[in-house]
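As structure tokens, the structure follows; a few thoughts come after it.
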Protein chains: 2
Amino acid sequence: MKTKLLIANSETNADMYYATRMLIPDEFVYLETEIGRKIYVSDLEFSRALQEAKVDEVLNIFSYPKKYKSALAWIIAENNVKEVVVPDYFPIKYADALRKMKVKIEIKSGAFFEERAVKQDDDIAHILATQKVNEKAMRAAIEVIKKSKIRKDNKLAYGSKILTSEFLKEFIEMEFVRGGCKSEDDIVSCGMNTSQPHNAGSGPIFAHQPIIIDIYPKSFKNRYYADMTRTVVKGKASPEIKKIYNTVLRGQKLAIENVKAGIEIRSLYGKVTDCFEKAGYKTELGSQSPEGFIHNLGHGVGLEIHERPFLGPKSEDSLQIGNVITIEPGLYYPGIGGVRIEDMVVVKEDGRDNLTKMPKVLEIK
Amino acid sequence: MKTKLLIANSETNADMYYATRMLIPDEFVYLETEIGRKIYVSDLEFSRALQEAKVDEVLNIFSYPKKYKSALAWIIAENNVKEVVVPDYFPIKYADALRKMKVKIEIKSGAFFEERAVKQDDDIAHILATQKVNEKAMRAAIEVIKKSKIRKDNKLAYGSKILTSEFLKEFIEMEFVRGGCKSEDDIVSCGMNTSQPHNAGSGPIFAHQPIIIDIYPKSFKNRYYADMTRTVVKGKASPEIKKIYNTVLRGQKLAIENVKAGIEIRSLYGKVTDCFEKAGYKTELGSQSPEGFIHNLGHGVGLEIHERPFLGPKSEDSLQIGNVITIEPGLYYPGIGGVRIEDMVVVKEDGRDNLTKMPKVLEIK
């Protein structure tokens, strides 16, 4: 086998966490050779790494003999490394240093650990546990919207206060913490803000306007994410939003029904765009005013919120057994608003399991 | 001026957020030339970027003419780029692609935006606001320990439950969310776990043992961090821990008193190790059992929890006016435990302002 090398922290770099199952906030070194998997960590992390890291050997990176110019030079010499495989995001400073030492670098495009995209039973159990917390938070947030009253100016009042995007995001985050999870960011957008898929939302929530709730906590125990989106309207949705909603829902259902091992991702994507175009919803891409279905159909979920496989229109990959992916079509039109509906499914040989149990209902009384 | 190039997301990459003040979870391109600062984003982010990004121009990365092989080739050609400055962590795949296009790459070692280490008044106000939330959470957590009763087995009982590290971390996280903040990870460790500086802690909290609480929330509004650590003992600290505590406190006081613009970081560090050694506390580094003062004296705090300047023993830098840094000496001995005390200070011309107001008390009744 080829020698693999990673240099990163394991808090923001999921490959490093995957390889070691240990959280280290600062950069360290992972080396995988025929002999085994080792890490090189600082004095600060050494004794903890001996206990926590799921590797064959832990070394103190500061223990290198003075005859070496750097820890990296020592690691390369000690392990007799002539050639290494590194991820395509490997830092240029280390790549150049290795090349200077005459180490040949093979850059692995795409997934560094391909097996990360193929979830095992325990990965799926972790994702499902996070998703349960996620659905609880989503239900609780929708309950708040239900309990709110519509004022004359169409703002919502929850108790004595104007209901805002900020309040709902804090409320959701509290539910996450209660469930042993937290999130990086949440989206609770309303009205015209929904026409921008990643607009996080701010200010009052209005009746009769689309509200997009897209939430994605991670467990602080095992660091697995879950992801879901619901679009709702408090009161009455306009005929236009209703039609968009029903179209997105139909597109999502069609995509989910077609998920199975072996299907080409771009063909799955094409089914959704065909469905949208038949309903009269055009997509404008690569322009000064992108609109329609302007993002991927979904993405893998695991130790990262966005990971492989990516369900883009030009993907050359097919789905594999064990992929955990979101199916989240959306339609966005400036001046009208946006709708997105997102479930998380596991790819099976002949179909899929939907990990998202929560019903999809547009209008809330 | 030289052309600067970044390719990264702005959720985990603070340089990218600093340059654009806009959160984008997927990779995009930032180019800074004499003419101005522009970003290239996907269809998905385009209209939001027009509103949110603090740059001179926003372009759709998918709008490149077909005659170009890639978006990157288009960006280089359109901007007539012959040479770029990139950060030392720049991904090898893009570096190699640029070199293939005959673009000369200058790798900037250290800080990509040096001005990030020199905080302006509004940066300091943001950090202080986060620190207020942090101190509130710390006080509340210590109050829980105060209210807990010591059982016969020396475990603490809070109400009818055994007080655990997990409970305290969840409790702290709730306080953060209530204050508009959240944290990546918190440390609440007890007993022998405290001898590992980054041991996050787990299980019951015991009386008469050191408890290290190291917490570092970030505001979800402006993304500025704060950082603090207190070490406490519920009940009676052993003479050994008391002596370690007083030594660390003396070392911290000495370091803080010596903080001012122009002081060499390694000399500041040296004062602390001298103080520790005089008290009989040796440090063992680069070995199979590191112990003593086994980490940096502190680090910059801002849009990242660990950012420049890093207060390492071998640093060749001096402190500058406007640095916001932690001063957090610690001593750690396997079999005995650890103590760390951490404040956050702003470097001034003739001294420093301590942003951390909370008193330091070892024993809690």
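Derivation of every value follows stated rules applied to the coordinates shown; laboratory data play no part. Computed from a prediction, not measured in an experiment: that's the story for all the values here. Methodologically, a virtual Cβ is constructed for each residue, glycine included, from the backbone with ideal geometry; neighbour enumeration extends over all protein chains shown.
Measuring nothing but alpha carbons in the range A:239-337 and taking Rh as the Kirkwood radius, the Rg to Rh ratio lands at 0.98. The antiparallel fraction among DSSP beta bridges confined to the protein assembly as shown stands at about 80%.
Backbone geometry of the range A:332-346 corresponds, through the Karplus equation with coefficients 6.51, -1.76 and 1.60 at θ = phi - 60°, to 3J(HN,Hα) couplings of 9, 10, x, x, 10, x, x, 9, 9, 10, 9, 10, 10, 10, 9 Hz, x marking Gly and Pro.
Take every Cα pair under 8 Å whose residues are at least 6 apart in sequence, average their separation, divide by the length of chain B, and the relative contact order is 13 percent.
Note on B:Lys147: lysines with a C-alpha under 18 Å away, same-chain residues under 8 apart excluded, are B:Lys136, B:Lys155, B:Lys161, B:Lys169, B:Lys234, B:Lys236, B:Lys365. For the range A:247-258, putting each phi into the Karplus relation 6.51 cos²θ - 1.76 cosθ + 1.60 with θ = phi - 60° gives couplings of 5, 4, 4, 5, x, 5, 4, 4, 5, 4, 4, 8 Hz, in residue order, rounded to whole numbers and with x for Gly and Pro. Here the Karplus curve 6.51 cos²θ - 1.76 cosθ + 1.60, taken at θ = phi - 60°, turns the phi angles of the range B:17-22 into couplings of 5, 4, 6, 10, 6, 9 Hz, with x standing for Gly and Pro. In whole angstrom, the range A:117-364 maps to an equivalent ellipsoid with semi-axes of 28, 23, 14, each derived as √(5λ) from the alpha carbon gyration tensor and ordered largest first.
Among residues of chain B, the one whose beta-carbon sits closest to the B-to-A rotation axis is listed with its distance in Å as B:Thr12, 2.
Across all Cα atoms of the protein assembly as shown, the radius of gyration (one decimal) and Dmax (whole number) stand at 26.4, 81 Å. In nanometres and ascending order, the distances from the A:Lys146 label point to those of the other copies are 4.1 (point 7 Å from Cα along Cα→Cβ).
Mind checking the angle between helix B:121-147 and chain B's longest principal axis? C-alpha axes, 0 to 90 degrees, to the nearest 10. With both axes taken from Cα atoms, the answer is about 30 degrees. Placing a label point 7 Å from the Cα of B:Asp96 along the Cα-to-Cβ direction, the distances to the matching points in the other copies come to 1.7 nm, shortest first. The angle between the Cα long axis of helix B:265-278 and the main principal axis of chain B comes to about 20°, on a 0 to 90 degree scale. Simple point charges give the picture: +1 on the Cβ of Lys and Arg, -1 on the Cβ of Asp and Glu, and for chain A a dipole about the Cα centre of about 960 debye. Kirkwood radius, the range B:31-188, all distinct C-alpha pairs, inverse of mean reciprocal distance: 20.7 Å. Reported value for the range A:4-112: 98 Å³ per residue, from the convex hull of its C-alpha atoms. The calculated 222 nm mean residue ellipticity attributable to helices in chain A amounts to -9500 deg cm²/dmol, summing -39500 (n - 2.57) over DSSP H runs of n ≥ 4 and dividing by all residues. Look at B:Phe62, B:Phe293, A:Phe90, B:Phe112 and count the other Cβ atoms within 10 Å of each Cβ; fewest to most, that gives B:Phe62, B:Phe112, A:Phe90, B:Phe293. Inter-copy label distances for A:Leu50: 6.0 nm (label point placed 7 Å from Cα along Cα→Cβ; shortest first). Using Cα atoms only, what is the angle between the long axis of helix B:165-178 and the major principal axis of chain B, expressed in degrees (0 to 90) to the nearest 10? Once rounded, the angle reads 50 degrees.
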